[in-house]
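The values are calculated or read from the model by the stated rules, or taken from the named source; none is laboratory data. Bear in mind the structure is a predicted one, so any value in this text is a computation, not a measurement. So basically every Cβ, Gly included, is an ideal-geometry build from the backbone, and we count neighbours across all protein chains shown.
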Amino acid sequence: MTAQTNTTIHTDAVVVGAGFSGLYMLHTLRDKLGMKAEVFEAADGVGGTWYWNRYPGARCDISSYHYSFSFSEEIQQEWSWSEKYAGQAEILDYLRFVADKLDLRDDITFETRVVSSDFDERINRWTIKTNRGHTVICKYYISGVGTLSTAAIPSYPGKGSFKGNVYATSNWPHEGVDFTGKTVGIVGTGASAIQAIPLIAEQAKHLTVFQRTPNYATPLQNGQMEEAEARAIKGRYGEFRTEARASLAGVPFPNMRESIFKDSPEDVQKHLEDCWNDGGFALWLGSYGDVLFDEKANAIVAEFVRNKIRQRVNDPKTAELLCPDYLYGTKRQPCETNYFETYNRDNVSLVDIKPNPISRVTEGGLELTSGDSHEFDCLIYSTGFDAFTGPLFNLNLTGRHGVRLKDYWSERPRTNLGLMSNGFPNFFMITGPQSPSVLFNMPLGIEQHVEWIADTIRHMEANGIATIEPEKAREDQWHGVVEGIANSTLLPKTNTWYTGSNIPGKPRSFMVYLGGGAAYKRVCDEAADNDYAGFILGKAFADQEAVAS
Ligand code: NAP
């Protein structure tokens, strides 16, 4: 148990989170801007997402060499990845290596959660309080809390009554779980469950999967990283990163073709097969340019994937249950290894809870609306996240005039560029809602945000600017831009966590900028180059600064 404290600290900046975002933000503030910064992190170590999501099979879905920091040539050259797609433990080791290399740990307060964040407009300072009794007063407040860090566990009636062990893929025990000889139930078939299910099935006596919506999962095609390939990448890391930044999702797919209708049906099948074999997101983001825009193009790929599922699952009834019928790729495509074959095992059963939802948790397991009950020793929730806004609301932010972020965003997130919100001056969100975030290579997107924030702070310090926040009208414009691009694609047509519709009662809006990282960076840079067009810059008054310091 970590000790309580009663400390009041005055500092330049507070950063929340010690994942990719928090680590690079701390390094930048401290070592590039020469500022004092406090970082608070709920876990007892660095890693963020990769600290918590330790479930069996957790691994990255974009290739290891892309999914890493680019800001330090030394780090790029020193670190080597062992697999094409790194597993959770290796990514966590990488982040520990970065923290040690940059000597970051001493400036991070672990096992500490922020409980309130209040802007005091008399002195233009944030007051941040933690569950351990810290009070920190700072000028700049930066969120590195991530987009998928607040788990959404259904509140079924009888939730606490299950007598066996309960687990969540989003917060897996550090010592691991041995399911040998155990019967297990898992709720959810999203990207996390699809990685975990094959490995749990290999160990457990019996695994029951409760599926509400099947997924168009495609093979990851992981393997050992060849030394020659790693050497080649390290030899041209600069170009490798430039290509990544210029691509739509931050990972280049050089075999992408413009339109599925320009190829003959035979060539289409061959190209889809090649993309399938390339693995990862190649089919989703790198096959044809019209797949996520045109329903007819989409239907061809959807049927291609369904046919693959039918070929891989022996029992035709089970295969059909595993075949999705919504638009392909409108939910984030999971990547899998032996997922569909897992349903050929005698110790695995699939329960379709779409027509027959879970009605309650019992002492022995789960009961369905029909009255059917399923009993097991262990129950796993892999039911997703209150994405984007959940982790920000947990910071309990109150801005100007006592307005809470939760209230200001009651209908949808209101931001300019996904970076800042009106009435919350000097509060910056790394990978915030309405930025490219989860649909761009995360480490590269994080770097772009951290560097924009650092340049903004540098500009403010050099020009005696006390506060920055977006104009309200610009937030409406940016919402229009984000929704406009999203509505030109098929993505908003499906209920997903991109729109908030996985959370009962959450207002619906598309929360990812889909225009690509390069276009997004241009807009951010143009705003900065035009004296922060779309933002309100507040001058410092000498008396305010005197009171604050
Ligand atoms: P998810 O994709 O949101 O999946 C949640 C699953 O739980 C869905 O199958 C959902 O069904 C089901 N579910 C939710 N509430 C339910 C309820 N009340 N009753 C029954 N079923 C319920 O969550 P996730 O699998 O944790 O993945 C979230 C995101 O994390 C991914 O999309 C991805 O971006 C990221 N992720 C990344 C990696 C990686 O490799 N880098 C790995 C794992 C996850 P419905 O579909 O019907 O709502």
Original post:
Considering only the range 357-371, how many residues are of a type outside the set (Val, Ile, Thr) and either within 12 Å of the ligand (Cβ to nearest atom) or touching a Leu at 6+ places or on another chain (Cβ under 9 Å) (or both)?
Top reply: 6
Original post:
For the range 156-176, which residues satisfy the criterion of being assigned to a loop (DSSP other than H, G, I, E, B) and either within 14 Å of the ligand (Cβ to nearest atom) or loosely packed, with under 15 Cβ neighbours inside 10 Å (or both)?
Top reply: Tyr156, Pro157, Gly158, Lys163, Trp172, Pro173, His174, Glu175, Gly176
**OP:** Quick one: in the range 137-155, of everything that is hydroxyl-bearing (Ser, Thr, Tyr), within 16 Å of the ligand (Cβ to nearest atom) and within 23 Å of Val16 (Cα to Cα), which residue is surrounded by the most Cβ atoms within 10 Å (Cβ to Cβ)?
**Re:** Thr147
Subject >> Leading residue by the ranking (farthest from Asn426 (Cα to Cα)) among those in the range 480-516 that are part of a helix (DSSP H, G or I) and away from the ligand (no atom under 16 Å from the Cβ) >> reply: Asn487
**OP:** Would you point out the residue of the range 48-67, among those that are within 11 Å of Ile91 (Cα to Cα) and not in a loop (DSSP other than H, G, I, E, B), that is farthest from the ligand (Cβ to nearest atom)?
**Re:** Tyr51
Original post:
Does Gly445 satisfy the criteria of being touching a Pro at 6+ places or on another chain (Cβ under 7 Å) and in a helix (DSSP H, G or I)?
Top reply: yes
Subject >> Flag if Thr330 is crowded, with 16+ Cβ neighbours inside 10 Å and touching a helix residue (DSSP H, G or I) at 6+ places or on another chain (Cβ under 6 Å) >> reply: yes
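A quick yes/no check of all residues on (1) touching a strand residue (DSSP E or B) at 6+ places or on another chain (Cβ under 6 Å); (2) more than 16 Å from the ligand (Cβ to nearest atom); (3) assigned to a loop (DSSP other than H, G, I, E, B); (4) at pLDDT 95 or above:
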| site | (1), (2), (3), (4) |
| --- | --- |
| Asp346 | no, yes, yes, yes |
| Pro355 | no, no, yes, yes |
| His374 | yes, no, no, yes |
| Gly423 | no, yes, yes, yes |
**OP:** Only residues in the range 158-171 that are under 10 Å from Ile186 (Cα atoms) count as the first member; pair them with residues that are away from the ligand (no atom under 16 Å from the Cβ), Cβ under 6 angstrom, at least 6 apart or cross-chain, and list the lot.
**Re:** none
Original post:
Out of (1) more than 16 Å from the ligand (Cβ to nearest atom); (2) surrounded by fewer than 22 Cβ atoms within 10 Å (Cβ to Cβ); (3) of a type outside the set (A, V, I, L, M); (4) not in a loop (DSSP other than H, G, I, E, B), what's the single condition that is false for Glu411?
Top reply: (4)
Original post:
Which residues, counting only those in the range 517-542, are at pLDDT below 95, outside any loop (DSSP other than H, G, I, E, B) and hydrophobic (A, V, I, L, M, F, W, C)?
Top reply: Ala542
Subject >> Lone qualifier among Lys308, Lys406 - being out of contact with any Cys (no Cβ under 7 Å at 6 or more places or on another chain) and closer than 30 Å to Thr130 by Cα >> reply: Lys406
**OP:** Identify the residue in the range 189-214 that is more than 7 Å from the ligand (Cβ to nearest atom) and part of a loop (DSSP other than H, G, I, E, B) and, among all such residues, is nearest to Thr330 (Cα to Cα).
**Re:** Pro214
Subject >> Check on Gln477, surrounded by fewer than 18 Cβ atoms within 10 Å (Cβ to Cβ) and more than 16 Å from the ligand (Cβ to nearest atom) >> reply: yes
Original post:
What single numbered condition from (1) under 24 Å from the mean Cα position of the chain (by Cα); (2) within 22 Å of Pro425 (Cβ to Cβ) fails to hold for Thr383?
Top reply: (2)
